[in-house]
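Trainee: Okay, handing you the structure first.
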Amino acid sequence: MSSSFDKINYSLRPAKHTERRMLSEVFRRLWPFQMVSDYVYVGFGAVAFSDFVLFHRTLGMREMISIERETDGIARVRENAPFNIKIDNRSSAEALPDLPWDKHHILWLDYDDALSPDMLADAKIVASRAVSGSVVAVSFNCHRASEIAEANGTDELDAVDLFRDRFGRERVPEDVGEDDLYGWPFASLGRRLILTEIEAALALRNIEAEPADVVSFHRICEIEYKDGARMTTLVGIFVAERDADKLFSCKFDSLDFLEKEQKPIRISVPLLTVKEIRSLESQLPLNAGIPLECGQVPPGDAKHFVDLYRYLPNFAVLEA
């Protein structure tokens, strides 16, 4: 988790904003386990605290913890914290084990950097401790693996070998090549490594568990988007066998933004004028069998809008 708040204006990232609203809809469905407002939310707030503000206002979450490892700028972070948010000025590796793990948690480990072994270690900490009904989302930059830059310009280093050495050769599939360390293939590989780490931690946790207490991880969705850099997110829930009926009652599979065949959700925010948006919105939600009148809007952009309009940001520049 780098201190990216001095580089990125989070209020001007429409795809990120769309992702937040999608996650809010996911979290809203956790009520069969417990009132969502009584969950503990843990994230990386930086100075904007955008996710904290949204989840507090839309879900009523009250107990919120922001992990901010950087000491430089921590005074600014504390000054900008809205509501009654606890700031933990330690690394996630230090802070995560000390969370109140007897409670239900929603954790968004929203990293700005490329996938690293430390992120897998954080996922392992969560999987080893989370109670049934807790949700984790893990996000990372998938533009390219950091090992690519380290290997470039040298004849001594191979990016794939460096990646295997760093993450563990037993973790990385044998068929992984350099092309898998860029873009959406890297996103897929990284999500797979995180999922494998979570499942390995659960296997150890469940060794001595009673059958009703055996915990499994259920993938809810995977998200990909590009607001400058390419980013990806894995979202899932920890569920004990005794709570299988509660998981069914959440009805995550009925979320309207989920892709068929469990494909990643690719957020693509169309560039439309205010007038075009109003014209499309006036026809929504579409009734079955009624075609969308696109006007001069490219059909692809119109489709993206129809798929995501409930979650897209609503803002415009006002000019005098």
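The values are calculated or read from the model by the stated rules, or taken from the named source; none is laboratory data. What you are looking at is a predicted structure, and each value in this text was computed from that prediction instead of being measured. We place every Cβ from the backbone using ideal geometry, glycine too, and count neighbours over all the protein chains shown.
Trainee: Yes or no: region 63-71 includes at least one residue that is of a type in the set (Asp, Glu), in contact (Cβ under 8 Å) with a residue 12 or more places away in the chain, outside any loop (DSSP other than H, G, I, E, B) and under 24 Å from Phe140 (Cβ atoms).
Mentor: No, region 63-71 has no match at all.
Trainee: Restricting attention to region 22-53, which residues are over 21 Å from Met119 (Cα atoms), modelled with pLDDT of 95 or more and in a helix (DSSP H, G or I)?
Mentor: Met22, Ser24, Glu25, Val26, Phe27, Arg28, Val36, Ser37, Asp38, listed by residue number.
Trainee: Considering only residues that are farther than 13 Å from Phe238 by Cα and either without any contact (Cβ under 8 Å) to a residue 24 or more places away in the chain or β-branched (Val, Ile, Thr) (or both), which ones fall in region 191-202?
Mentor: Our first condition is that a residue be farther than 13 Å from Phe238 by Cα; within region 191-202, this holds for 191-194, 196-197, 200.
Arg192, Ile194, Thr196 - these are the residues of region 191-202 that are farther than 13 Å from Phe238 by Cα and either without any contact (Cβ under 8 Å) to a residue 24 or more places away in the chain or β-branched (Val, Ile, Thr) (or both).
Trainee: While we're here: Go through region 264-276 and give me each residue that's basic (Lys, Arg) and either assigned to a helix (DSSP H, G or I) or without any contact (Cβ under 8 Å) to a residue 40 or more places away in the chain (or both).
Mentor: Listed by number, the list holds a single entry, Lys275.
Trainee: Mind checking whether some residue in region 181-204 is aromatic (Phe, Trp, Tyr), within 15 Å of Leu115 (Cα to Cα) and touching a helix residue (DSSP H, G or I) at 6+ places or on another chain (Cβ under 8 Å)?
Mentor: Keep residues of region 181-204 that are aromatic (Phe, Trp, Tyr), which gives 182, 184, 186.
Applying the additional criterion that residues be within 15 Å of Leu115 (Cα to Cα) yields 182, 184, 186.
From what's left, touching a helix residue (DSSP H, G or I) at 6+ places or on another chain (Cβ under 8 Å): 182, 186.
Looking through region 181-204, at least one residue is aromatic (Phe, Trp, Tyr), within 15 Å of Leu115 (Cα to Cα) and touching a helix residue (DSSP H, G or I) at 6+ places or on another chain (Cβ under 8 Å).
Trainee: Name the one entry in Pro32, Pro82, Pro97 that is out of contact with any Lys or Arg (no Cβ under 9 Å at 6 or more places or on another chain), in the same structural domain as Ile194 (by TED's automatic domain parsing) and touching a residue at least 24 places away in the same chain (Cβ under 8 Å). Walk me through it before giving the result.
Mentor: Details: Pro32 fails: out of contact with any Lys or Arg (no Cβ under 9 Å at 6 or more places or on another chain); Pro97 fails: out of contact with any Lys or Arg (no Cβ under 9 Å at 6 or more places or on another chain).
One residue alone meets the criteria, Pro82.
Trainee: Tell me which residues, restricted to region 228-269, are under 27 Å from Asp113 (Cβ atoms) and small (Gly, Ala, Ser).
Mentor: Those that are under 27 Å from Asp113 (Cβ atoms) and small (Gly, Ala, Ser): Gly228, Ala229, Gly236, Ser268.
Trainee: From the residues in region 93-121 that are farther than 30 Å from Asp38 by Cβ and of a type in the set (Gly, Ala, Ser), which one is farthest from the chain's Cα centre (by Cα)?
Mentor: Ranking the qualifying residues of region 93-121, first place goes to Ser116.
Trainee: Please go through region 72-83 and pick out each residue that is in a loop (DSSP other than H, G, I, E, B) and among the hydrophobic types (A, V, I, L, M, F, W, C). It would help to see each step written out before you state the result.
Mentor: So in region 72-83, the residues in a loop (DSSP other than H, G, I, E, B) come out as 72-73, 81-83.
Of everything in region 72-83, those that are in a loop (DSSP other than H, G, I, E, B) and among the hydrophobic types (A, V, I, L, M, F, W, C) turn out to be Ala81, Phe83.
Trainee: Taking Tyr225 as the residue in question, decide whether it is more than 21 Å from His105 (Cα to Cα), aromatic (Phe, Trp, Tyr) and free of Cβ contacts under 8 Å to residues at least 60 places away in the same chain. Steps first, answer last, please.
Mentor: Values: more than 21 Å from His105 (Cα to Cα): yes; aromatic (Phe, Trp, Tyr): yes; free of Cβ contacts under 8 Å to residues at least 60 places away in the same chain: no.
Against the criterion (more than 21 Å from His105 (Cα to Cα), aromatic (Phe, Trp, Tyr) and free of Cβ contacts under 8 Å to residues at least 60 places away in the same chain), Tyr225 does not qualify.
Trainee: Do you know which of the residues in region 247-256 that are surrounded by fewer than 18 Cβ atoms within 10 Å (Cβ to Cβ) and touching a residue at least 40 places away in the same chain (Cβ under 8 Å) is farthest from Leu202 (Cα to Cα)? It would help to see each step written out before you state the result.
Mentor: Kept after step one, since they are surrounded by fewer than 18 Cβ atoms within 10 Å (Cβ to Cβ), are these residues of region 247-256: 248-249, 251, 253-256.
Imposing the further condition that a residue be touching a residue at least 40 places away in the same chain (Cβ under 8 Å) reduces the set to 249, 251, 255-256.
Values: Ser249: 23, Lys251: 23, Leu255: 27, Asp256: 30 Å.
So, considering only residues that are surrounded by fewer than 18 Cβ atoms within 10 Å (Cβ to Cβ) and touching a residue at least 40 places away in the same chain (Cβ under 8 Å), the one farthest from Leu202 (Cα to Cα) is Asp256.
Trainee: Can you tell me which residue among Leu258, Leu195 is modelled with pLDDT under 95 and of a type outside the set (Gly, Ala, Ser)? Working first, answer last.
Mentor: Details: Leu195 fails: modelled with pLDDT under 95.
Of the residues listed, the single one that is modelled with pLDDT under 95 and of a type outside the set (Gly, Ala, Ser) is Leu258.
Trainee: Here's something else I'd like to know. Pick from region 89-137 the residues that are in contact with a strand residue (DSSP E or B) (Cβ under 7 Å, 6 or more places away or on another chain) and aromatic (Phe, Trp, Tyr): which of them is modelled with the lowest pLDDT?
Mentor: In this case the residue turns out to be Tyr111.
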